[in-house]
Amino acid sequence: MLNKSLIKIIFICLIATASFFIDSAHCQTEYDYIDINNPFTRKIPIAVPVFKSMSGSEGEKFLSQEASNLLSRSLEFTGYFKIIDRDAYLADPETDIIVSNINFKNWTGIGAELLITGSLFLKDNVIEMELRLYDTFKGSLIVGKRYKGVVNNQRKMIHRFCGEIIYKLTGNRGIFDSRIAFVSTTSGNKNIYLCEFDGHNSEQLTYDKSITLSPAWSSDAKWIAYTSYSKGKPDLYIKNLKDKHGAVVAKKGINISPAWVPGKFQLAATLSFSGDQEIYLLTGKGEIVKNLTNNWGIDVSPTFSPDGNKMAFVSSRSGSPQIYIMDLDSGQVKRLTFQGTYNTCPSWSPRGDKIAYSGMGNGQGNIYTIDVEGEFPALQLTHNSGNNESPTWSPDGSLIAFSSTREGPSRVYVMTAYGTDQRRLLALPGEQTDPEWSPGVIDN
Amino acid sequence: MKKKLWICVALLLVIPGLLFVTSCAKKVVKVDTTQEDEAAKLAAEKARQEEIARQLDRQRAIDEENLQKEAASREIIAARNLFMNENIYFDFDMSNLKPESQEVLKRKAEWLRNNPGESIIVEGHCDERGTNEYNLALGDRRAQSAKNFLIDLGIAESRLTTISYGEERPADPRQNEDAWSKNRRDQFVIE
């Protein structure tokens, strides 16, 4: 707790010192670096030389190396960039990264379209970094920032700059402040864990000695709802991440599959106290507002459109599990998926245009995306790689995390929204399932 | 002198008389006691035998009773175990009761009628295929199917609780149809 509030204070200082001193007029210009409609077909070649160490001390050199490597890895994680191998560099970063000295031909010559230069100064456990992103062909600065903070916050500073880069290139802040909640059996029981967007710094959130499932973030990222058997049956827990307080919905039958309404302290969940599995709208305190579904058969796994006007969910009303979309004003429901006989785990894209889901055929689940109008056939993103479930979108809609048994035990993987760059997010002892990506901005 | 003579005569008369008397008396007494001992012995023996027989009878009766009790309790335990161990099974993605499952449930209803003090939990389970949340709902539906059938057979709803475990508690962890068919089940737990 102390550590967290300390970080927060330092972080605020850090934002304050991140000055806009070197923003050029060009920054407002539209750059067509990334084609938002199909951004992963061609990766942008980018060079990230090791940051210049200002005093040249060993500690500083080590941190420069670490910071520039982290910047490379974090940019690569987005799927937008191809990091050019440092062995290929023609320029000597020690002398050539000072603004006036940059010979952009040295960078265009090796195919780099973008260049990041950095300098790092370490004094009394405090780092000062100046980081700049250039367009090598135009020879112009796209964004430059200065950061100052304690050594422990180097990761945050680098991710802050990554956010600036992605914002300049896509108009979206990206994923660098986001976290991922997931279920892991590391403790011997299924419990909820949290990690950063890139799988780093995982921490255990729940300590139940039973079964804990289905974490769901509120849109302000201050609350997590989940299902736990800690009282012997599947009940719904609504927990504030800061003070760990909250509510429990423990009606008879099941109390499962929570999803928060965007921008509201309300959530939908499946309850079966009536004898039938229906989706209800609940307040953040766990009180029922109303029925959202009222239909024979299973209704489960709600997910809301970003504007909160529509809800996709799974229903067995047609005889097999399929994904449906309900207009919340009119109550009208239309079926979205017609391919295959088992389509579950819908997740509405933060951009609003697509729904990711898990479709099962031949005993194996694969991740698909489908446009919300259902006009085009679904796009299959995973192929012949074990069982793939629980897709969840990154807050900018560029990536999808999911669980897969492709390496045997279930683990969390990440890929671009088009299915490219599939890689494991993290590996803890035991099995990991149910990833749930947080909203973009976490201020608690 | 004359006195001495009398004494001698008297002694002569008395001593054999005494001898006679004692020998006679001895003989009579001896006969009487022997007869009485025998009778007592016999009686005692008889009583002892009878007592043993009675004890044996009692023991036999107790044994018999115990055996009956044991048999009865064995039957009760067997019935109870059968109730606990006999699962019902479902087809993939299905929660309707097969005819053989209905027969099993009829036996369970009978046991519940014979044991009116008992309450039970119906646990609904799924195989690992399919996804977690949907399987939790499907397991709930499977448990509800059995519960509703038992209610239709006259069992009070208050004695029946359901829990869905979805795919979280497989009976057989292997990944083949043999295991999956064992995992798509309702289990019955006596509270």
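FYI, it's all coordinate maths here, none of it is from the lab. Given the structure is predicted, the values throughout are model-derived calculations rather than measurements. Backbone-built Cβ (ideal geometry, glycine too); neighbour counts: all protein chains shown.
With R₀ set to 41 Å, the beta-carbon distance separating residue B:98 from residue A:380 gives a calculated FRET efficiency near 0.75.
Of the two radii for segment B:88-190, the radius of gyration is 0.98 times the Kirkwood radius, both from the alpha carbons; that is the Rg over Rh value. Among the residues of A:313-321, the average count of other protein chain beta-carbon atoms within 10 Å of the residue beta-carbon is 2. Helix-only arithmetic for chain A: the sum of -39500 (n - 2.57) across DSSP H runs with n ≥ 4, divided by the residue total, places the mean residue ellipticity at 222 nm at -4500 deg cm²/dmol. Measuring how big segment A:179-437 is from its alpha-carbon positions, Rg and Dmax come out at 16.9, 47 Å. All distinct Cα pairs of segment B:42-85 go into the 1/r average, and the inverse of that average, the Kirkwood radius, is 12.6 Å. When each of the peptides A:347-359, B:81-93, A:162-174 is scored by the mean number of other C-beta atoms lying within 10 Å of its residues, the order from highest to lowest reads A:347-359, A:162-174, B:81-93.
Per residue of peptide B:81-91, the mean number of Cβ atoms on other chains within 10 Å of the residue Cβ is 0. When the listed pairs A:123/A:168; A:105/A:168; A:252/A:285 are checked against a 29 Å cut-off, the alpha-carbon distance exceeds it for A:123/A:168.
Is segment A:271-385 rounded, prolate or oblate when judged by the Cα gyration tensor, a ≥ b ≥ c being the square roots of its eigenvalues, rounded requiring a/c under 1.5 and prolate requiring a/b larger than b/c?
Note, shape of segment A:271-385 comes out prolate.
Between residue B:88 and B:186, the built amide H atoms are under 5 Å apart, and every one of these is 5 or more places off in sequence or on another chain. Once a ≥ b ≥ c are taken as the square roots of the eigenvalues of the Cα gyration tensor of segment A:324-444, is the result rounded (a/c under 1.5), prolate (a/b larger than b/c) or oblate (a/b not larger than b/c)? Judged from the Cα gyration tensor, segment A:324-444 comes out oblate (a/c at least 1.5, b/c at or above a/b). Modelled this way, with points 7 Å down the Cα-to-C-beta line, the labels at residue A:309 and residue B:45 are 11.4 nm from one another.
Each residue in A:157, A:54, A:415 was given a count of other beta-carbon atoms within 10 angstrom of its own, and listing them fewest first yields A:54, A:415, A:157. Here the contact order of segment A:179-437, divided by its residue count and restricted to Cα pairs under 8 Å and six or more residues apart, works out to 13 percent. The calculated FRET efficiency for residue B:81 paired with residue B:36, based on their beta-carbon distance and R0 = 51 Å, is about 0.20. For A:77, A:40, A:176, the sequence from fewest to most other C-beta atoms within 10 Å is A:40, A:77, A:176. Sort out for me the Cα centre separation of segment B:96-120 from segment A:348-395, rounded to whole Å. Rounded to whole Å, the Cα centres lie 42 Å apart. Taking all C-alpha pairs of chain A, those more than 35 Å from each other amount to 34 percent. Residue order for A:142, A:44, A:175, fewest other beta carbons within 10 angstrom first, comes to A:44, A:142, A:175. Compared with the dominant principal axis of the Cα atoms in chain A, helix A:154-170 is inclined by about 80°. Here is the P(r) of segment A:143-255: all C-alpha pair distances, binned every 5 Å from 0, give 2, 11, 17, 18, 16, 12, 9, 7, 5, 3, 1, 0 in whole percents. Which angle between 0 and 90 degrees, to the nearest 10, do you get for helix A:2-17 versus the longest principal axis of chain A when only C-alpha atoms count? So the helix axis and the longest Cα principal axis differ by about 50 degrees. For segment A:351-357, backbone phi angles converted through the Karplus equation (6.51, -1.76, 1.60; θ = phi - 60°) give residue-by-residue couplings of 7, x, 8, 9, 10, 8, 7 Hz, Gly and Pro being listed as x.
For a test of the definition: using alpha carbon positions, the gyration tensor, and the 1.5 limit on a/c, classify segment A:302-353 as rounded, prolate or oblate. Oblate, since a/c reaches 1.5 and b/c is not below a/b.
Express the relative contact order of chain A as a whole percentage, based on alpha carbon pairs under 8 Å and six or more residues apart in sequence.
Relative contact order of chain A: 11 percent.
Legend: mean number of C-beta atoms from other chains within 10 angstrom of residue C-beta atoms, peptide A:123-135, equals 0.
Roughly what percent of Cα-Cα pairs across segment A:263-307 reach past 17 Å?
31
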